[in-house]
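Engineer: Submitted below is the structure of interest, expressed as C-alpha cells.
Bear in mind that the values in this text are calculations on the coordinates, not laboratory data. Computed from a prediction, not measured in an experiment: that's the story for all the values here. Here the Cβ positions follow ideal geometry from the backbone for every residue, glycine too, while neighbour counts run over all protein chains shown.
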Amino acid sequence: MSKRGILTVISGFSGSGKGTVVKELVKKYGYVVSVSATTRAPRTGEREGIEYFFVSREDFEAKISENGFLEHAEFVGNYYGTPAKYVDEMLDAGKDVILEIEVNGGLQVRESRPDTVMIFMVPPSADELKSRLINRGTEDMDKINKRLARAYEETEYIDKYDYIVINEDIAECTDSIHSIILNEKKKIRYNNELKSSIINDYKRFERR
Ligand code: 5GP
C-alpha cells in the first residue's frame, strides 16, 4: 500500500496569486488540488467542477448538515467549502493534496488534521495587491475594497501558519512551496519504514 499523502493548506490575501501558483504546482509537480464548492457566482471563464462547484445556498447548507465538508467558511458574503470525501480518497491513494482556502477554513483543517502543512502567501506589497485586484477586472471597486479590508483582517492569522512565502515571481514561489513540502516528507514520522530499516541495518554492530 502506498504511503498516505501530505495535506497542505495555502492561504493568503485574495489577489495574492495563490490560484496561479497552485495551478503551477499541479502542472509542474503533479499535486492534486481539491475543487471547492461555493455559493458565489462564476466569474467569466470559470467552469463548473474545474475552478469550483457552483451551488445554491440551500444545497451548500444541506451538505454542511450532512458533514460533507472537511471545512467551510463564509468569505465576503459567500460560502466556500472543501468536500471531505475527495480529499481523503486522494490522500489515501498517496497523493499530496493542496487546499487553496481562506484563513478560517485553514484553521479548521489544522484543528482536525494537525499534521497539515500551513502556508501563508502574500504579494510583495499592499499597493501591489490593490493593483492586481484592479487589473484582474473581475470585481467592481466596492468588492475590491471589501477584499482589501479583509486582507488587513487576515494579517491577524499569519501567526497560526507554519510558513510565509512572498509571491513576487510565480515560478520561484511555486518552487519554494514545493521544497517546503519535500522537506516535510523528510520528517521522521513519515519515514517509519526507513527508520526501521536503518536500525536493522546497524543492529549487527551492536556492542557486545
Ligand atoms: P475567490 O472568490 O476569489 O475565488 O475566493 C475567495 C477566497 O475563498 C480565497 O481566499 C480562496 O482561497 C477562498 N476559498 C476558496 N475555496 C475555499 C474553500 O473551500 N474553503 C475556504 N474556507 N475558503 C476557500
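Engineer: Filter the stretch 108-145 down to the residues that are part of a helix (DSSP H, G or I) and within 19 Å of Glu172 (Cβ to Cβ) and list them by number.
Structural biologist: Applying the first criterion (part of a helix (DSSP H, G or I)) to the stretch 108-145 yields 108-112, 126-136, 141-145.
Once the filter is applied, which keeps residues that are part of a helix (DSSP H, G or I) and within 19 Å of Glu172 (Cβ to Cβ), the stretch 108-145 yields Glu128, Leu129, Arg132.
Engineer: Pick from Glu184, Glu102: which is touching a residue at least 60 places away in the same chain (Cβ under 8 Å) and either farther than 16 Å from Lys18 by Cβ or of a type in the set (Ser, Thr, Tyr) (or both)? Spell out how you get there, then give the answer.
Structural biologist: Values: Glu102 fails: either farther than 16 Å from Lys18 by Cβ or of a type in the set (Ser, Thr, Tyr) (or both).
That would be Glu184, the only listed residue that is touching a residue at least 60 places away in the same chain (Cβ under 8 Å) and either farther than 16 Å from Lys18 by Cβ or of a type in the set (Ser, Thr, Tyr) (or both).
Engineer: Just the residues that are at positive phi and crowded, with 17+ Cβ neighbours inside 10 Å, please, taken from the stretch 6-44.
Structural biologist: Gly12, Gly15, Gly17
Engineer: Moving on to the next point. Taking into account only those residues within the stretch 41-93 that are of a type in the set (A, V, I, L, M) and part of a loop (DSSP other than H, G, I, E, B), which is farthest from the ligand (Cβ to nearest atom)?
Structural biologist: Ala93
Engineer: The conditions are (1) closer than 30 Å to Thr44 by Cα; (2) in a loop (DSSP other than H, G, I, E, B), and Arg208 fails exactly one of them. Which is it?
Structural biologist: (1)
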